[in-house]
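Q: Just passing along the structure, written as structure tokens.
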Amino acid sequence: LTQGALITLNTESGDILAYVGGGDYSRSSFDRVQALRQPGSAFKLFPFLAALRGGVKPEDPISCAPLAYVAGCSHGAGSPGGSATVSDGLALSENVVALRLAERAGLGEVVKLARRLGISTPMEADYNTMLGGRETYLYEMARAYAVVANGGRSVPMHGVSRIYDL
């Protein structure tokens, strides 16, 4: 890979600790932190959180059977025709588990939760969104994850904490 992006936050203060918008500014000044990109499996946080809010427990079994165009569990959680716990489904990023939980919580509820956590980009209540196929901003994903890491409390994200004037 020749380009990438990274943003890390102090979840308690909102301080931006590291910000990398690309791999080599002399080759490309395009800032990937502020660019629309597919979040992929990072978006699965939202279906899992919505299901937990709806009463699903981490130890609950979820079917690993294929669903629509999505194969059964394929990353090691459960067995393709069996089941996996919610915890294992999240830890092993199982698509079918994320989709079944999104259906249980309601796809619209997942979108609402993502909005509450700071995702502002267009989202449809569909499987593509639940699996991270719709574009969003990396900084919005970082902010949403920071809310979760901070026990549900949001703090303003900022890169400058103080300006000194001589």
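Q: Given the structure, is Thr2 β-branched (Val, Ile, Thr), open to solvent by 40 Å² or more (accessible area, probe 1.4 Å) and either assigned to a strand (DSSP E or B) or closer than 21 Å to Arg115 by Cα (or both)?
A: Working: β-branched (Val, Ile, Thr): yes; open to solvent by 40 Å² or more (accessible area, probe 1.4 Å): yes; either assigned to a strand (DSSP E or B) or closer than 21 Å to Arg115 by Cα (or both): no.
When the stated conditions are applied, Thr2 does not pass them.
Q: Now, a different point. Being hydrophobic (A, V, I, L, M, F, W, C), out of contact with any Leu (no Cβ under 6 Å at 6 or more places or on another chain) and part of a loop (DSSP other than H, G, I, E, B) is the filter here; which residues of the range 123-143 pass it?
A: Correct list: Met123, Leu131.
Q: Additional query: Which residue is surrounded by the fewest Cβ atoms within 10 Å (Cβ to Cβ), if the candidates are limited to the range 53-81 and must be not in a loop (DSSP other than H, G, I, E, B) and not hydrophobic (A, V, I, L, M, F, W, C)? If you could, list the steps in order and put the result at the bottom.
A: Step one: of the range 53-81, the residues not in a loop (DSSP other than H, G, I, E, B) are 53, 61-63, 67, 70.
Then keep just the ones that are not hydrophobic (A, V, I, L, M, F, W, C); that gives 53, 61, 63.
Details: Arg53: 12, Pro61: 14, Ser63: 16.
Looking at residues that are not in a loop (DSSP other than H, G, I, E, B) and not hydrophobic (A, V, I, L, M, F, W, C), I get Arg53.
Yes or no, residue by residue, for (1) of a type in the set (D, E, K, R); (2) touching a Gly at 6+ places or on another chain (Cβ under 8 Å); (3) part of a loop (DSSP other than H, G, I, E, B); (4) within 22 Å of His158 (Cβ to Cβ):
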{"residue": "Ile16", "(1), (2), (3), (4)": "no, yes, no, yes"}
{"residue": "Ser26", "(1), (2), (3), (4)": "no, no, yes, no"}
{"residue": "Leu101", "(1), (2), (3), (4)": "no, yes, no, no"}
{"residue": "Gly108", "(1), (2), (3), (4)": "no, no, no, no"}
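Q: Let me ask you something else. Quick one: count up the residues across the range 29-38 that are open to solvent by 30 Å² or more (accessible area, probe 1.4 Å) and either in a loop (DSSP other than H, G, I, E, B) or in contact with a strand residue (DSSP E or B) (Cβ under 7 Å, 6 or more places away or on another chain) (or both).
A: Initially, the range 29-38 is screened for residues open to solvent by 30 Å² or more (accessible area, probe 1.4 Å), giving 29-32, 34, 36-38.
Imposing the further condition that a residue be either in a loop (DSSP other than H, G, I, E, B) or in contact with a strand residue (DSSP E or B) (Cβ under 7 Å, 6 or more places away or on another chain) (or both) reduces the set to 29-31, 34, 36, 38.
Total meeting the criteria: 6.
Q: Starting from the range 148-160, keep only residues that are over 19 Å from Ala42 (Cβ atoms), then list their pairs with residues that are at pLDDT 90 or above and in a loop (DSSP other than H, G, I, E, B) whose Cβ atoms are within a distance under 7 Å, requiring at least 6 positions of separation or different chains.
A: Val155/Glu12; Val155/Ser13; Val155/Gly14; Pro156/Gly14; His158/Gly14
Q: Name the residues in the range 72-94 that are more than 21 Å from Arg143 (Cα to Cα), within 15 Å of the chain's Cα centre (by Cα) and free of Cβ contacts under 8 Å to residues at least 40 places away in the same chain, would you?
A: Applying the first criterion (more than 21 Å from Arg143 (Cα to Cα)) to the range 72-94 yields 72-89, 92, 94.
With within 15 Å of the chain's Cα centre (by Cα) added as a condition, the list becomes 89, 92, 94.
Result: Leu92, Glu94.
Q: Also, quick follow-up: Kindly establish whether Ser120 is in a loop (DSSP other than H, G, I, E, B) and touching a residue at least 40 places away in the same chain (Cβ under 8 Å). Full working, then the answer.
A: Working: in a loop (DSSP other than H, G, I, E, B): yes; touching a residue at least 40 places away in the same chain (Cβ under 8 Å): no.
The answer is no for Ser120.
Q: Filter the range 14-28 for residues that are open to solvent by less than 60 Å² (accessible area, probe 1.4 Å) and of a type in the set (Gly, Ala, Ser) and give the result.
A: Passing the criteria: Gly14, Ala18, Gly21, Gly22, Gly23, Ser28.
Q: Which condition number in (1) within 22 Å of Arg116 (Cβ to Cβ); (2) of a type in the set (A, V, I, L, M); (3) open to solvent by 40 Å² or more (accessible area, probe 1.4 Å); (4) part of a strand (DSSP E or B) is the one that Ile7 fails?
A: Every listed condition holds for Ile7 apart from (3).
Q: Another question, if that's okay. Mind telling me which of the residues Ala42, Ala50, Ala146, Ala114 ends up being in a helix (DSSP H, G or I), under 29 Å from Leu17 (Cα atoms), open to solvent by less than 60 Å² (accessible area, probe 1.4 Å) and out of contact with any helix residue (DSSP H, G or I) (no Cβ under 9 Å at 6 or more places or on another chain)?
A: Numbers: Ala42 fails: out of contact with any helix residue (DSSP H, G or I) (no Cβ under 9 Å at 6 or more places or on another chain); Ala50 fails: out of contact with any helix residue (DSSP H, G or I) (no Cβ under 9 Å at 6 or more places or on another chain); Ala114 fails: out of contact with any helix residue (DSSP H, G or I) (no Cβ under 9 Å at 6 or more places or on another chain).
The conditions single out Ala146.
Q: Hey, another quick one. In the range 82-97, what residues are of a type in the set (A, V, I, L, M, F, W, C), surrounded by fewer than 17 Cβ atoms within 10 Å (Cβ to Cβ) and either in contact with a Gly (Cβ under 6 Å, 6 or more places away or on another chain) or assigned to a loop (DSSP other than H, G, I, E, B) (or both)? It would help to see each step written out before you state the result.
A: First, pick out the residues of the range 82-97 that are of a type in the set (A, V, I, L, M, F, W, C): 84, 86, 90-92, 96-97.
So of that shortlist, the ones also surrounded by fewer than 17 Cβ atoms within 10 Å (Cβ to Cβ) come out as 91-92.
Result: Leu92, single match.
The values are calculated or read from the model by the stated rules, or taken from the named source; none is laboratory data. Only a predicted model underlies this, so the values are computations on that prediction, with no experimental measurement involved. With ideal geometry, Cβ positions are generated from the backbone for all residues, glycine too; neighbour counts draw on all protein chains shown. Just so you know, the surface numbers come from the protein's heavy atoms only, side chains and all, with ligands and any DNA or RNA stripped out. Shrake-Rupley method; radii C 1.70, N 1.55, O 1.52, S 1.80 Å.
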